[in-house]
Ligand code: GTP
Ligand code: MG
């Protein structure tokens, strides 16, 4: 019997009825008030964070993307409302590991992003992306370590959701073995989680990831309403 995650029936909770840009911040005092539960998207520059957010929100071009690394230069909040009425904020983070920024700029970003990750009371999950062909690198481990440290606010532990992007760049027969290698690497093993394979071009992985991040945010998956926040 098919499980809900693999069945082809589209539930209202899988559909995004509303998606819009809420706020952008380059500095901590520009963060919008923490009203809705949030899921952030992190990873190296050019790994496909902003593209994946468009794919999740089922909106082409809502989040700015580019083939040139270093495209996202601020934290951006997007408000979503699913077909079952559940509301969630998705947060786009600037990528790390982009060498062509000035030292000053990198320092400011590290400070602002750290303040966001450790101090945001409404943050419930971070989706950590790596290129499925590349695997997790020291910067990714550092991010998880940061999240596992002492939060500067009172909140439940932030869940880390791992994603391997650009799956379409691998031949169909190479995808499963590549994901298996990723699953067996240090980060997924230490977190006790599997890596979700994703392709924005072939729309692979969207439903699985959406379900997982809704669960991480404590939103009901069943049709017809959300749990109270
Ligand atoms: P920064 O903002 O620089 O941190 O990058 P980002 O991680 O937000 O990456 P972005 O979404 O801007 O995408 C970078 C490039 O990868 C763009 O050229 C995208 O079209 C491409 N890309 C993103 N996802 C996929 C995918 O699933 N498959 C393929 N083939 N290309 C993708
Ligand atoms: Mg981006």
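Computed from the coordinates by the stated procedures, all read-outs in this text should not be read as laboratory data. If you're wondering where the values come from, they're calculated on a predicted model, not measured in any experiment. Cβ coordinates were reconstructed from backbone atoms using ideal geometry, including for glycine residues, and neighbour counts include every protein chain displayed.
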Could you calculate the FRET efficiency of residue 172 with residue 104 from 1/(1 + (r/R0)^6), where r is the beta carbon distance between them and R0 is 41 Å, rounded to 0.05?
0.35
Length gained if residue 118 through residue 9 is fully extended, taking 0.36 nm per residue and subtracting the Cα-Cα distance, is 35.5 nm
Taking only Cα atoms and a 10 Å spring cutoff, compute GNM fluctuations for the chain and point out the largest among 91, 65, 108.
108
When 162, 179 are ordered from fewest to most other Cβ atoms inside 10 Å of their Cβ, what list results?
179, 162
Test of understanding: ordering 126, 144 by Cβ neighbours within 10 Å, fewest first, what list do you get?
144, 126
Under the definition of Cα pairs under 8 Å and six or more residues apart, what whole-number percent is the relative contact order of region 118-171?
58 percent
re the chain: pairs of Cα atoms spaced beyond 23 Å account for a percent value of 46 percent
Output the antiparallel fraction of DSSP beta bridges having both residues in region 3-216, as a percent to the nearest 5.
45 percent
Could you tell me the relative contact order of region 1-130? Use alpha-carbon pairs under 8 Å, at least six residues apart, and round to a whole percent.
37 percent
Segment residue 193-residue 215, extension gain: residue separation times 0.36 nm, minus the distance between their alpha carbons:
6.5 nm
Please find the FRET efficiency linking residue 66 to residue 152, where r is the Cβ-Cβ separation and R0 is fixed at 30 Å, and quote it to the nearest 0.05.
0.40
Relative contact order (%) - region 3-216, alpha-carbon pairs under 8 angstrom, separation at least six:
22 percent
Residue of 83, 164, 197 that the Gaussian network model of the chain assigns the largest fluctuation, springs spanning Cα pairs under 10 Å:
83
Just want the ordering: 210, 109, from fewest to most Cβ atoms lying within 10 Å of their own Cβ.
109, 210
